[in-house]
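Single-structure report; data block below.
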Amino acid sequence: MKEKRLTAAGVVLLALGLLLLIGAGTFLRPCEHDDGAVSTCYWAGRMIRGLGAVLSAQALGFVIFRRASARCALALSMIPVTILSILTPGGLIRLCLMDSMRCNSIMKPGVMVISFIMLAAAAAAAVTEGMRAAKERRERHES
């Protein structure tokens, strides 16, 4: 039985990873200073972009690989990276002190929403692919 490569979970994970990567540089970008100064918000945004790139690469692997065990491993490896992206703005990297600033009002909640959805999608994909991998192992042993 030939397993289809493109799954809904793969598409969702890849879309969310790219949304985090591209969003951190566009609509979720942190505060900008007129004098060109670099704040901690800038570094939080850079960290989010880096984590978005890692998550996008992992999701691309999820789409490309056919074996359920490989997909399960990729989905499991996305969970700690996603948790790191949740903790980065305001937790691991401080943001501006004013709640009205762009980093607190747009970047932080946007990143957290995307990351929580991605966390749920990665966990669901890990469970689904883990069950599929167990089924594949049973079928191989029975043959």
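The values are calculated or read from the model by the stated rules, or taken from the named source; none is laboratory data. Note that this is a predicted model, so its numbers are computed, not measured. Glycine also receives a Cβ, built like all others from the backbone with ideal geometry; neighbour counts cover every protein chain displayed. Surface accessibility is based on the protein's heavy atoms, side chains included, excluding ligands, DNA and RNA. Shrake-Rupley method; radii C 1.70, N 1.55, O 1.52, S 1.80 Å.
A few remarks follow.
- Note on the range 101-115: among residues that are open to solvent by less than 30 Å² (accessible area, probe 1.4 Å) and either closer than 12 Å to Leu28 by Cα or not polar (S, T, N, Q) (or both), the one that is farthest from the chain's Cα centre (by Cα) is Cys103.
- Yes/no for Met118 being out of contact with any Lys or Arg (no Cβ under 8 Å at 6 or more places or on another chain) and either basic (Lys, Arg) or open to solvent by 40 Å² or more (accessible area, probe 1.4 Å) (or both): no
- Checked against (1) within 30 Å of Glu139 (Cα to Cα); (2) modelled with pLDDT under 95, Phe62 meets all criteria but (2).
- Residue in the range 97-107 that is within 14 Å of Leu16 (Cβ to Cβ) and among the aliphatic types (A, V, I, L, M) present: no
- Out of Ile86, Ile48, one residue alone is of a type in the set (Val, Ile, Thr), touching a residue at least 60 places away in the same chain (Cβ under 8 Å) and over 30 Å from Arg137 (Cβ atoms). It is Ile48.
- The range 110-134: number of residues that are free of Cβ contacts under 8 Å to residues at least 12 places away in the same chain and either β-branched (Val, Ile, Thr) or at positive phi (or both): 2
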